[in-house]
Amino acid sequence: MDTRVRIAARAALHVLRVSGPTVLDALRGKVPREVVDARIARWARDILADIEVTLDVSGREHLVPDEHLVVVSNHQSLYDIPVLYRTLPWSLRMVSKKEIFYIPIFGQAMRAAGMVRVDREDRAQAIASLHDARHLIKSGIVLWIAPEGTRSPDGRLGPFKKGGFILAEEAGVPVLPITIDGTHRILPARTTDIHLGETVKVTIHPRSRREDFPSREAWMTHVRDAIASALPSP
């Protein structure tokens, strides 16, 4: 069997193993957070094992148990998702574009698990969704957002959108910058090529608070510079 077909088939199976039970839990009226966390953790482990990824993580000393914050990272590939779920110890939920929520079963599971839906074509709706996400942070969930808004085609860091920073500012929580380097080699943007055995480097930077900067723009620049500092020079 072709490697791409085999990997895709196994990835679909892993997704169904997580999504199906989560949708059933939602239909019964209860989706236990700890159960969802365990399912996602197993999914991330299996997805990365299938493609033989080696994770090289630095900066774990910046992870504080039970802290309320927003994770901000660059976005190189769809494989950023299992990489971060494999790296971070919290109840992590991601902010994702609305189109993902239209996928049958998977989209329903995303909603049931507490993922945040944003409409990138409707700025007002996107901001409203992030406002509504504050209650998730207060409940102990850590939100992850990729402020580039889309995957990098070549691994380089793109410009940042401010929605995640507004969310952190209004929720009164710090931002935790994280650099992901190497996932773009696993599945390059706009291709179906899968490369096995890659090493992905994850760098966790010190948390950053809005009140330490004279403006939101200065804060965003600091966070972007931190993330860029662990990427190879162009």
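At a glance:
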quantity	calculated
Distance-filtered residues of the stretch 168-209 - backbone nitrogen under 11 Å, label point 7 angstrom along GLU52 Cα→Cβ	195-198
Integer Hz, Karplus 6.51/-1.76/1.60 couplings in order for the stretch 66-78, x for Gly and Pro	6, 8, 8, 6, 10, 8, 10, 9, 6, 9, 9, 6, 4
Under 28 Å from LYS162, Cα to Cα: lysines that are on another chain or at least 8 residues apart	LYS97, LYS98, LYS138, LYS201
Along the chain, longest interval not containing exposed trypsin sites (Lys or Arg not before Pro), exposed being DSSP loop plus at most 16 other Cβ atoms within 10 Å	31-119
For THR191, THR22, order by how many other beta-carbon atoms lie within 10 Å, fewest first	THR191, THR22
Dipole magnitude (debye, nearest 20) for the chain, charges at Cβ of Lys, Arg, Asp, Glu	540
Pairwise FRET efficiency - GLU217 versus HIS135, Cβ, R0 = 25 Å, nearest 0.05	0.40
Dipole of the stretch 3-228 [Lys/Arg +1, Asp/Glu -1 at C-beta], most positive-end residue of LEU143, ASN74, PRO104	PRO104
Overall form of the stretch 1-138 per C-alpha gyration tensor (a/c, 1.5; a/b vs b/c)	rounded
Answer label, with Rg and Dmax of the Cα atoms in Å calculated from the coordinates and candidates (1) 21.5, 71; (2) 17.2, 57; (3) 16.2, 47	(2)
Local net charge near ALA8, Cβ-Cβ under 11 Å (Lys/Arg +1, Asp/Glu -1)	+1
Helical contribution to [θ] at 222 nm, DSSP H n ≥ 4, -39,500 (n - 2.57), averaged over the chain, rounded to 500	-13000 deg cm²/dmol
Surrounding net charge for THR87, when Lys and Arg each add one and Asp and Glu each subtract one, Cβ distance under 12 Å	+2
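Read the figures in this text as sums done on the coordinates, not as results from a lab. In this text the structure is predicted, and so the values were computed from the model without any measurement. Using ideal geometry, Cβ is built from the backbone for each residue, glycine included, and neighbour counts are taken over all protein chains shown.
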